[in-house]
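In what follows, a structure is listed as structure tokens, so that the remarks can point back to it.
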Amino acid sequence: MMKLYGYFRSSAAYRVRIALELKKLDWESIPVNLLHAEQQSEAFRDINPQGLVPALEYDGQVISQSLAIMEWLDETFPSVSLLPSDPLVKAQVRALAYQIAIEVHPLNNLRVLKYLQSELNVEESQKLQWYQHWVEQGFGAFERSLLQYGSNGQFCIGDRPTLADICLIPQVYNAKRFNCDLSPYPMILSVSNHCSSLAPFIIAAPESQADCPN
């Protein structure tokens, strides 16, 4: 059985949970409490030298980085694909996924927010402004991309979940946590609402995880 090292509210770990559930794979959750800095322990760094979640352990091997994990899952367990077969559409799905995972998420990562406050003495209101600014920039572009690619409002591209939806839904979850105004992005909200009603996304949601505080 696969072991997924993660944190219930980590959006990168959230992505991998969705992928595992979409593929109907057996996996075990190994919580790593980011607030208690368990990811910095020597024991965890022996698993992932970066000291980051997620990390996926399978058959004695460990894979880190959510996008790399999901690409490996797609190649190893292809019966339920996370990417379209058409090369152009596949590239569009990857482009959408990268908009979130490479452009938006890193600027709003917990490590970045903590550094802003602890090292640069940024006020809480300024930290929130930082977060909301980058969500506004990223979601504005993502909304236009969905329209450009002809999204049906249920999924980012096509008629089933792809890597793009897997990356989007956790980012929407985080944006809501930080009180971002999502009303300018009706297509994003439509896709998020639909995907969040599906069983794999529900099971993967932070509130469904064993390490989520009651």
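Read-outs: derived from the displayed coordinates by stated rules, not from any lab. Since the structure is predicted, the reported quantities are computational estimates derived from the model, not experimental observations. Neighbour counts run over all protein chains shown; Cβ positions are idealised from the backbone, glycine included.
Taking square-rooted eigenvalues a ≥ b ≥ c of the alpha carbon gyration tensor, is segment 123-214 rounded, prolate or oblate, where a/c under 1.5 means rounded and, failing that, a/b exceeding b/c means prolate?
The shape class here is oblate.
Name the long-range amide H neighbours of G6: under 5 Å, sequence gap of 5 or more, or other chain; modelled H, no Pro or chain starts.
I30, V32
Is the C-alpha gyration tensor of segment 46-101 telling us rounded, prolate or oblate? Criteria: a/c under 1.5 is rounded; beyond that, a/b larger than b/c is prolate, otherwise oblate.
It comes out oblate by the Cα gyration axes.
Antiparallel DSSP bridges in segment 2-80: what percent, to the nearest 5?
60 percent
With θ set to phi - 60° and the Karplus curve 6.51 cos²θ - 1.76 cosθ + 1.60, what are the ³J(HN,Hα) couplings of segment 53-65 in order, to the nearest whole Hz, using x for Gly and Pro?
10, x, 9, 10, 9, 8, 6, x, 10, 10, 10, 10, 6
Once semi-axes √(5λ) of the Cα gyration tensor in Å is worked out from the coordinates, which option in (1) 31, 18, 16; (2) 25, 24, 15; (3) 29, 23, 17 does it equal?
Looking at semi-axes √(5λ) of the Cα gyration tensor in Å for this model, the match is (2).
Which of K3/K24; K3/K23; K23/K176; K3/K114; K23/K90 have a Cα-Cα distance over 21 Å?
K23/K176; K3/K114
How would you rank 55-67, 124-136, highest first, on the average number of other Cβ atoms within 10 Å across their residues?
Those peptides, ordered most packed to least, come out 55-67, 124-136.
Roughly what % of DSSP beta bridges within the chain run antiparallel, to the nearest 5?
If we restrict to bridges inside the chain, about 60 percent are antiparallel.
Taking K and R as +1 and D and E as -1, what net charge do the other residues with C-beta under 15 Å from the C-beta of S10 add up to?
Every neighbour counted, the sum reads +3.
Based on DSSP H runs of at least 4 residues, each adding -39500 (n - 2.57), what is the mean residue ellipticity at 222 nm of the chain after dividing by all its residues, to the nearest 500 deg cm²/dmol?
Result for the chain: -15000 deg cm²/dmol, rounded to the nearest 500.
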